[in-house]
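**Q** Questions regarding the structure given below will be posed in turn.
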Amino acid sequence: MPDNVETTGRATRVAAIVGPYTSGKTSLMEALLSVSGGITRKGSAADRTRVGDWPAEAKSREMSTESVAASTTYLDDPWTFLDCPGSVEFLQDTRHALMVCDIAVVVCDPDPSRAVMVSPYLKFLDDHEIPHLIFINRIEHAKAGHAEILEALQAVSERPLVMRQMPIVEGEAITGFVDLIHRRAYQYEEGKPSTLIAIPAAVADDEQGRRQEVLESLADFDDALMEELLNDAEPATAEVFASLKRDLAANLVVPVLFGEAERDHGITRLWKTLRHDAPDAEETWERRKAVTPAGIAQVFKSQHAQHTGRLAWVRAWGGGLADGMTLAGQKIGGLYALQGGEVSKVARVGRGAIAAVSKVEGARPGDVLTEAGALPPEDWPRAPQALFALKLGTVKAGDDVKLSTALAKLVADDVSLAFGHNPDTGELLLWGMGEVHLMNAVDRLRTAHNVEVKAERPTVPFKETIRKPCAERGRHKRQTGGHGQFGDVMLEVRPLGRGEGFVFADRIVGGVVPKNYIPAVEAGVKESLGRGPLGFPVVDLAVTLTDGSYHTVDSSEMAFKTAAGIGMRAALPKCDPILLEPIWSVSVAVPSEWTSKAQRALSQRRAQILGYDKRPGWKGWDVIKAQVPQMEVHDLILELRSLTMGVGTFEWVFDHLQELTGRAAEKAIADNRALTE
Ligand SMILES: Nc1nc2c(ncn2[C@@H]2O[C@H](COP(=O)(O)OP(=O)(O)OP(=O)(O)O)[C@@H](O)[C@H]2O)c(=O)[nH]1
Ligand SMILES: [Mg+2]
């Protein structure tokens with residue numbers, strides 16, 4: 001395994017491979033490793049035997065579920081790739097990988113209708129000014145012409161796209177490409193590097209025009225080049241490359257390449273682009289000013305594994321890392337190189353390398369580690385709001401503590417996961433980005449932490465309230481041998497407005513209920529509100545203690561508390577109780593082509609749509625504002641994603657409780673009875 005110690009004096013460069021699901025990222029990494037000689041034989045996508053096909057959960061789900069690192073050298077330069085998951089449910093892991101890379105390769109399909117799927121990536125890359133290029137994969141299965149695909153991609157990119165290549169098409173097939181800067185044509189060969197050919201006459205005219213477009217895009221950021229173009233001078237190739245390299249590093253333009261990962265087509269071209277144009281670790285470090293100069297390494301991921309304990313994945317920003325060194329005031333337990341699923345102990349790694357360290361307690365993704373401490377940088381992406389929850393329960397009795405410990409470890413490794421007990425229902429909820437994300441976490445609980453759990457749809461925290469006032473007496477009298485029990489209260493109950501909560505007061509005169517028993521009455525009333533006549537917590541009502549009586553010997557706090565409970569249980573059913581359901585305020589974000597479909601989906605979920613507008617900062621996206629019953633939000637994200645090729649999303653906040661009547665209310669009441677009685 002390459003240990004990433006520099007052989008050419010250059011620091012390791014890191015490229016993150018990102019993009020929509022199944023666009024071919026893992027296959028592309030395999031092709032890059034194979035073409036560079038990093039692996040001698042390519043693994044298969046069908047059998048999931050590629051370097052990036054890891055861990056076990058990813059193999060069984062037939063999708064990447066977390067970033068996977070693999071290193072190689074290309075023409076003696078050390079490189080590490082981070083093959084990132086395409087599912088938006090694992091986007092946070094991808095974002096973290098992007099934050100430490102020198103360049104991102106955005107892999108996409110050659111299908112204009114799917115171009116929108118890259119927009120969440122491009123937006124993030126632009127927001128963080130991360131240099132990136134686009135690799136259009138499966139070019140031989142293109143659904144449209146090259147120009148049409150580029151137009152669709154340009155529509156979702158804020159930055160101008162610079163086409164590096166144009167395809168050579170013979171009949172239906174793409175047989176090679178012309179490099180528009182070198183002005184060289186290559187013919188794809190099966191299982192071999194492409195061969196250099198003369199530019200075919202059929203594409204020569206087109207080539208002129210497209211090359212001109214490339215030069216004009218670059219000239220927009222390069223006065224000297226602009227001058228030459230205006231004077232009809234032919235710029236030197238070296239000058240064009242220098243211009244491209246500068247613009248790429250500054251994230252002013254986005255080069256576009258294409259190929260076929262499964263057949264290694266276009267991979268050498270991609271390698272050369274990476275080698276010549278990707279910024280160095282030092283440049284990246286400089287660009288990311290948020291990072292402290294004393295920083296040695298930056299954590300971007302952590303992972304709990306049974307044999308190594310918690311490993312923090314880091315990028316070595318400083319002069320490299322050595323086993324036994326001190327990071328964040330702690331002597332590291334071990335230094336590891338990562339190659340797909342292989343984790344192997346190494347003595348040192350060079351500048352810019354990706355490595356894992358153990359026993360650096362408390363280090364969280366984003367932390368820049370110095371010898372003495374850990375500093376969180378300002379620009380690190382915050383954890384996204386969770387969009388989907390499942391209720392967890394242990395399968396084996398007595399596993400509860402083990403489950404909480406395991407969950408704490410799991411959420412420490414994945415900031416887009418959260419867990420906690422719902423205060424209303426008492427259920428243990430696991431929150432995350434979607435169903436696959438959560439089921440993957442459930443799998444990890446079993447495989448990495450040895451806890452078997454079942455996951456189910458959580459109960460909606462309904463409440464109930466009353467619509468009519470009434471007054472009832474609560475009397476508790478018991479004579480059992482010596483000391484008896486006596487409490488007697490008259491309670492007036494009346495409804496309050498939504499959100500006003502619970503108010504207790506007394507109008508006792510003449511000490512008919514002694515002062516020292518009144519708090520016990522209030523406690524008894526409160527306790528009775530835990531479960532009202534419909535079976536849910538009761539809210540938004542006022543209870544006043546108006547009258548009562550006591551016994552000098554037999555009265556006690558306990559007796560008054562019990563009497564209050566009796567009074568409330570008699571009163572509430574007569575107060576016309578009604579169910580309240582929680583309503584969330586949601587902002588649904590979708591590309592505008594799907595705005596009306598998303599609105600329809602919301603309406604079918606009993607949403608009240610408040611309107612829609614452009615999504616600020618997002619080209620071609622809308623935000624729909626609506627109020628939606630929480631019950632209907634449960635799997636909203638799943639529907640939104642299936643409507644929008646996976647990119648639609650929403651933000652939410654609890655808004656208010658709203659009366660629920662009719663069939664839906666009856667069902668909620670019956671379901672709750674079945675669950676709790
Ligand atoms: N025809 C063709 N198929 C490809 C190519 N690249 C990938 N595939 C196929 O597309 C499927 C998905 O490829 P992956 O490399 O796993 O895609 P991915 O982008 O890593 O997927 P996720 O990480 O799960 O988002 C596999 O069946 C590959 O064999 C290609 O260049 N040509
Ligand atoms: Mg993959």
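Values in this text are rule-based calculations from the coordinates and carry no lab data. Keep in mind that this is a model prediction, so the values were computed, not measured. Neighbour counts run over all protein chains shown; Cβ positions are idealised from the backbone, glycine included.
**Q** Could you work out how much longer the chain between Arg61 and His421 gets when fully extended? Use 0.36 nm per residue separation minus the Cα distance between them, nm to one decimal.
**A** On the way: separation 360, 0.36 × 360 = 129.60 nm, distance 2.86 nm.
Value of the extension gain: 126.7 nm.
**Q** Between Asp655 and Asp399, what is the FRET efficiency for a Förster distance of 45 Å, r being their Cβ-Cβ separation, to the nearest 0.05? Walk me through the numbers before you get to the answer.
**A** Values: r = 36 Å, r/R0 = 0.81.
Once the sixth-power term is evaluated, E becomes 0.80.
**Q** Just to confirm a number: summing +1 for Lys and Arg and -1 for Asp and Glu over residues other than Ile624 whose beta-carbon lies under 10 angstrom from that of Ile624, what do you get? Write down the numbers at each step before the final one.
**A** Numbers: positive: Arg615, Lys625; negative: Asp613, Asp622.
It works out to a net charge of 0.
**Q** Considering the zone a paramagnetic label at Gln608 would reach in this model (a point 7 Å from Cα along the Cα-to-Cβ line), which residues of the stretch 562-598 have amide N under 12 Å from it?
**A** Of the residues in the stretch 562-598, 583-585 have backbone N under 12 Å from the label point off Gln608.
**Q** Can you give the local net charge around Leu91? Use residues other than it whose beta-carbon is closer than 13 angstrom to its beta-carbon, Lys and Arg +1, Asp and Glu -1. Walk me through the numbers on the way to the answer.
**A** Working: positive: Arg95, Lys123, Arg382, Arg641; negative: Glu66, Glu89, Asp93, Asp414.
Result for the neighbourhood of Leu91: 0.
**Q** Next question, about the same structure. Among Cys84, Cys101, which comes first, second and so on when ranked by fewest other beta-carbon atoms within 10 Å? The partial results should precede the final answer.
**A** Values: Cys84 31, Cys101 28.
Going from least to most buried by this count: Cys101, Cys84.
**Q** Follow-up. Can you tell me the dipole magnitude for the stretch 273-395 around its Cα centre, using point charges on the Cβ only (Lys, Arg +1; Asp, Glu -1), in Debye to the nearest 20?
**A** Values: 15 positive and 12 negative charges, 79 e Å.
For the stretch 273-395, the charge dipole is close to 380 debye.
**Q** State which entries of Lys359/Lys396; Lys25/Lys359; Lys526/Lys574; Lys25/Lys192; Lys468/Lys515; Lys345/Lys391 exceed 27 angstrom in Cα-Cα distance in the structure shown.
**A** Details: Lys359/Lys396 31 Å; Lys25/Lys359 31 Å; Lys526/Lys574 18 Å; Lys25/Lys192 21 Å; Lys468/Lys515 29 Å; Lys345/Lys391 39 Å.
Check vs 27 Å cut-off fails for Lys359/Lys396; Lys25/Lys359; Lys468/Lys515; Lys345/Lys391.
**Q** Just to confirm the number: angle between the C-alpha axis of helix 146-156 and the first principal axis of the chain, 0 to 90 degrees, nearest 10?
**A** 40
**Q** Take Thr676 and Ser592, extend 7 Å from each Cα along the Cα→Cβ direction, and tell me the distance between the two endpoints in nm.
**A** 4.7
**Q** Another question about this same structure. At what distance in angstrom do the alpha carbon centres of the stretch 25-59 and the stretch 181-205 lie from each other?
**A** The two parts, judged by their Cα centres, are 27 Å apart.
**Q** Sticking with this structure for a sec: If I stretch the segment between Glu435 and Glu190 completely, what's the gain in nm (0.36 nm per residue apart, minus their alpha carbon distance), one decimal?
**A** Working: separation 245, 0.36 × 245 = 88.20 nm, distance 4.04 nm.
Between Glu435 and Glu190, full extension yields an extra 84.2 nm.
**Q** Roughly how tilted is helix 237-249, in degrees to the nearest 10 and between 0 and 90, from the longest Cα axis of the chain?
**A** 10
**Q** How much length would be gained if the chain were fully extended between Arg183 and Arg364, taking 0.36 nm per residue of separation minus their Cα-Cα distance, in nm to one decimal? Please list the in-between numbers first.
**A** On the way: separation 181, 0.36 × 181 = 65.16 nm, distance 4.72 nm.
Length difference between fully extended and current span is 60.4 nm.
**Q** Pick out, from Ala664, Ala372, Ile296, the residue whose Cα sits farthest towards the positive end of the charge dipole of the chain, with +1 on the Cβ of Lys and Arg and -1 on the Cβ of Asp and Glu.
**A** In the chain, that residue is Ala664.
**Q** Can you find, among Leu580, Ile354, His634, the residue sitting farthest towards the positive end of the charge dipole of the chain, where Lys and Arg contribute +1 and Asp and Glu -1 at Cβ?
**A** Leu580
**Q** Picking from Trp431, Thr195, Val314, whose Cα lies most toward the positive end of the charge dipole for the chain (charges on Cβ: Lys, Arg +1; Asp, Glu -1)?
**A** Going by the Cα projections, it comes out as Trp431.
**Q** For the stretch 464-575, rounded, prolate or oblate, judged on the Cα gyration tensor with a ≥ b ≥ c (square roots of eigenvalues), a/c < 1.5 rounded, else prolate if a/b > b/c?
**A** Numbers: a/c = 2.37, a/b = 1.74, b/c = 1.36.
It is prolate, given that a/c is not under 1.5 and a/b is the larger ratio.
**Q** List, in order, the whole-Hz ³J(HN,Hα) value for each residue of the stretch 36-41 obtained from phi through the Karplus relation with A = 6.51, B = -1.76, C = 1.60 and θ = phi - 60°; use x for Gly and Pro.
**A** For the stretch 36-41, the Karplus-derived couplings read 7, x, x, 10, 8, 9 Hz, x marking Gly and Pro.
**Q** Roughly how big is the chain's charge dipole about its Cα centre, with Cβ charges of +1 (Lys, Arg) and -1 (Asp, Glu), in debye to the nearest 20?
**A** So the dipole magnitude of the chain works out to roughly 2840 debye.
**Q** Further question on the same structure: Quick one: which of 56-67, 260-271, 599-610 comes out on top by average Cβ neighbours within 10 Å, and what's the full order, highest first? Could the numbers behind the result be given before it?
**A** On the way: 56-67: 18.9, 260-271: 21.9, 599-610: 16.4.
Highest-to-lowest ranking by the protection proxy: 260-271, 56-67, 599-610.
**Q** In straight Cα distance, which aspartates and glutamates are under 18 Å from Lys409, not counting same-chain residues fewer than 8 positions off?
**A** Glu57, Glu66, Asp93, Glu361, Asp367, Asp399, Asp400, Asp443, Glu452
**Q** Once both axes come from the Cα atoms, what is the angle between helix 201-219 and the longest principal axis of the chain, in degrees from 0 to 90, rounded to 10?
**A** 60
**Q** What residues from the stretch 599-629 fall in the zone where the backbone N is under 15 Å from a label point 7 Å along the Cα-to-C-beta line of Ile578?
**A** none
**Q** Å³ per residue of the Cα convex hull, for the chain? Each step should come with its number before you reach the end.
**A** Values: hull volume 136.5 nm³, N = 677.
Dividing the Cα hull volume of the chain by its residues yields 202 Å³.
**Q** What 222 nm value per residue comes from the helices of the chain, counting each DSSP H run with n ≥ 4 as -39,500 (n - 2.57) and dividing by all residues, nearest 500 deg cm²/dmol? Kindly include the intermediate steps, with their values, before the conclusion.
**A** Numbers: 18 runs with 195 residues, N = 677.
So the calculated ellipticity at 222 nm is -8500 deg cm²/dmol.
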